[in-house]
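Some notes on the structure that comes next.
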Amino acid sequence: MSSRTPTFGRIIGDLLRTSRPSSSCDHLRFRQAFCKSTRQSRHVSTAAPQLSEMEVDAEKPPRWSQTPPALKAPVRVRPPRIQTPLKINKDQRKLDDFYVKFLGRDGDKMLSEETKWLAVTNKSFDAGRRGFNDRLAFFGKRVLELQCSLGLISVADASRYLKSTEQDPYGRQPFRHPATESIECLLGGAHHWFTSHKQLSTLAEQYGLPEVVRWHPRDPERLQASGSELVYSQAILAIIGALALEQGGAVANQIAKEKVLVPLGLKLNWKPKAELTQPAP
């Protein structure tokens, strides 16, 4: 009788076992719930932003092709001009053809795409909001002037680079020496002649630069009066400066000598400035 009747302590123990779950089950359920939420949040926070950034960068156009939105004014300050604007080149192939004609074979691959457009862009184009070539031209002018000085010093016959008006009115002959004769070429006006805007602009027209240069002249019907010589020569100097930055000084020096100074007549058929101003018989 006593063995079949459950005791009071056994009844209390059975009630406690059924009402309290085990600690191992609670830990397992908490771990599963925590790991599941962590995986979901990590997948959303890393994968989606990376894809969106890649899509935005791929659709973003280069700066040379359009005006940056942050630099556009909501209202136009000046009224539009009535004159017909100058046609500006937008064809990449046409620009590459000019670089091949100027720099030689594979000349279109010597500079990056952004730099090629920047070197032929004047600050008057789009009010300078797409970048301009002033700093590149300043650097290129230093390279060209140095190569011009070295070329004048190293000439074998320096007599044709000297001024014809340097004869003494009293018939006195200054001291001359073969080692210092070529140095006087730097004072005879030849250096200024080779690096002047007029000569560089004439050379730029032969290479076809006016067809690809980007600028807004004051009077499209009078380009020379609007400063075309300065714009064309500045673009030539900017290309030399860009080559010095991206390809090195050796390449820029070679282009300055072979594509600019030699076509202008250095060491070949150069004539003094006084003879060029005289009319032909």
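Side notes on the structure shown:
Conditions tested, residue by residue: (1) of a type in the set (Val, Ile, Thr); (2) modelled with pLDDT under 95; (3) in contact with a helix residue (DSSP H, G or I) (Cβ under 6 Å, 6 or more places away or on another chain); (4) under 23 Å from ASN89 (Cβ atoms).
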residue: VAL213; (1), (2), (3), (4): yes, yes, yes, yes
residue: PRO220; (1), (2), (3), (4): no, yes, no, yes
residue: LEU268; (1), (2), (3), (4): no, yes, no, no
residue: GLU275; (1), (2), (3), (4): no, yes, no, no
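- Among all positions in the range 121-133, there is no residue which is in a helix (DSSP H, G or I), at pLDDT 90 or above and charged (D, E, K, R).
- The residues of the range 152-205 that are at pLDDT below 80, β-branched (Val, Ile, Thr) and buried (at least 17 other Cβ atoms within 10 Å of the Cβ) amount to a single one, VAL155.
- Complete set of residues in the range 206-233 that are open to solvent by less than 30 Å² (accessible area, probe 1.4 Å) and closer than 16 Å to ILE255 by Cβ: LEU209, SER233
- For beta carbons closer than 7 Å, sequence separation of 6+ or different chains, a first residue in the range 86-98 that is in contact (Cβ under 8 Å) with a residue 12 or more places away in the chain and a second that is surrounded by fewer than 15 Cβ atoms within 10 Å (Cβ to Cβ) and part of a loop (DSSP other than H, G, I, E, B), the qualifying pairs are LEU86/PRO220; PHE98/GLY208.
- Residue pairs whose Cβ atoms lie under 7 Å apart, sitting 6 or more positions apart in sequence or on different chains, and linking a residue in the range 117-131 that is without any contact (Cβ under 8 Å) to a residue 40 or more places away in the chain to a partner that is of a type in the set (Phe, Trp, Tyr) and open to solvent by 20 Å² or more (accessible area, probe 1.4 Å), are LYS123/PHE132.
The values are calculated or read from the model by the stated rules, or taken from the named source; none is laboratory data. Small disclaimer: the values here were computed from a predicted structure and weren't measured. Counting neighbours? That spans all protein chains shown, and the Cβs are built from the backbone with ideal geometry, glycine included. Accessible surface is based on the protein model in full, side chains and every heavy atom, while ligands, DNA and RNA are left aside. Shrake-Rupley method; radii C 1.70, N 1.55, O 1.52, S 1.80 Å.
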